[in-house]
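As C-alpha cells, the structure follows; a few thoughts come after it.
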Amino acid sequence: TCALPIFTPQKNLTADVMVVAGGGGGGGNQGGGGGAGGFRVLTSQSLSSNVPYVCTIGAGGAGVSYGYGPVAPSGTNSSFSGSGISTISSTGGGGGANQSGPATGGSGGGASANVAPRTGAAGNAGSYSPVEGYAGGNASTGPNTCAGGGGAGGVGGSYNTSPTPLVGGIGTSSYSSWGLATSTGENISGTVYYAGGGGGGTEGGQSVAGGYGGGGTAGYNGGPTRRDGLANTGGGGGGQPAGGGNTGTSGGSGIIIIRYPV
C-alpha cells in the first residue's frame, strides 16, 4: 500500500493501481447514510525508475447532527499522480441527507425521510467507465425509512428494499486478493471488500448496518454496534437516528494500493 505521500520506484515498473477515495459522512436526525468513496483500478501503468509519484489519500467526511447544515460533508478525493502518467483519481463519497438532500459523489449519499423529494444522490460523479460507485437509496415519509448510502458494488438500501431496507450499498470484492495480501479492506469470512455505503438512520433508533467494505453502522450514540466507516476502506458513515444528542457517524479514509512484480 502507498502509506507514504511519495512512492519512488527503484526500477521501471508496470503496475496496477487501486485508488479509493474517502467515504461521505452520515446525515442527522433520521439522516441518510454516507456514500462510499469512489473505487477505481487502472492496470498496466508504466512507472519510471527514480521518479516520485504522489499518493493523495482522501479523508472521510464527518458525521453530523441535524443542526449542522444542509448536508453531511462528502469525503475527499484520492489520486495518484506523477511525471509521465495521467493522474488517476477517484471521487469522495457523497454526504448523507441532513437538512437538505444528499450529495452526489463516487457513490451517492442516501436520502432522508425529512427532505423532499427523498431521492438518493447519484454515484460515479467522475463519469468513469467502469463506474466508480453507485447511487444512494431512496426514502419515504413513513417511519424507519432513511436510506443507505451507495457502495462500489451496488446502490444503497431504500425504504422498500427487501429483505434488508436502509442498509448501505455493498462494496466491491473484485480485488479481494489484494486485500488478503495487504491486510486491508473489510474481511468478511475470507472475502475482502472495499467501499461500502453507510446505513441509514431510523425513527426508532434501530441499528442499521453499513455495506460490506467498511460502511458505517447507524445507531444511537454509545450503542454497541454503532461505528464509523472503517479507515482505509472508503466506507461511508452511518446516518443519525431520530432523537436529540445523536450524530451521524463519519466516513472512512480511502486507500491507494500499487501492485507490481518483484
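Annotations for the structure displayed:
- A 1.4 Å probe run over the protein chains yields, for segment 1-128, 36 Å² of accessible area per residue, whole-number rounding.
- 3J(HN,Hα) from dihedral phi, segment 104-116, Karplus parametrisation 6.51/-1.76/1.60, rounded to Hz, x for glycine, proline: 6, x, x, 10, x, x, x, 7, 10, 5, 7, 10, 6
- Residues whose amide H lies under 5 Å from that of SER107, counting only those 5 or more places away or on a different chain, are ALA36, GLY38, GLY93, GLY94, ASN124; hydrogens are built 1.01 Å from N in the peptide plane.
- Stretchable slack from THR87 to SER49, in nm (0.36 nm times residue separation minus alpha-carbon distance): 11.9 nm
- Across segment 201-207, coupling constants 3J(HN,Hα) worked out from phi with the 6.51/-1.76/1.60 Karplus curve, θ = phi - 60°, read x, 10, 5, x, x, 5, 6 Hz, and Gly and Pro carry x.
- Sequence-ordered 3J(HN,Hα) estimates for segment 86-93 from the Karplus curve with 6.51, -1.76 and 1.60 and θ = phi - 60° stand at 6, 4, 9, 10, 9, 9, x, x Hz, glycine and proline given as x.
- Inter-site label distance for ALA116 and THR182 at 7 Å from Cα along Cβ, in nm: 4.6 nm
- Think of each Lys and Arg Cβ as +1 and each Asp and Glu Cβ as -1; about the Cα centre, that makes the dipole of the chain roughly 140 debye.
- Segment 1-130, accessible surface, carbon-and-sulfur percent (1.4 angstrom probe): 50 percent
- Three semi-axes of the equivalent ellipsoid, the chain, Cα gyration tensor, whole Å, largest first: 33, 15, 14
- Projected label distance in nm at SER127 and ASP16, using a 7 Å step from Cα toward the beta-carbon: 2.8 nm
- Rel. contact order, % - alpha carbon contacts under 8 angstrom, at least six apart, the chain: 24 percent
- Each Lys or Arg adds one and each Asp or Glu takes one away; over the other residues whose Cβ falls under 15 Å from the Cβ of PRO130, this sums to -1.
- For segment 151-188 versus segment 5-50, the spacing of their alpha-carbon centroids is 16 Å.
The values are calculated or read from the model by the stated rules, or taken from the named source; none is laboratory data. Just so it is clear, the model here is predicted, and its values are computed rather than measured. Glycine gets a Cβ as well: all are built from the backbone with ideal geometry, and neighbour counts include every protein chain shown. Heads up: the accessible areas ignore ligands, DNA and RNA and are worked out on the full protein's heavy atoms, side chains in. Shrake-Rupley method; radii C 1.70, N 1.55, O 1.52, S 1.80 Å.
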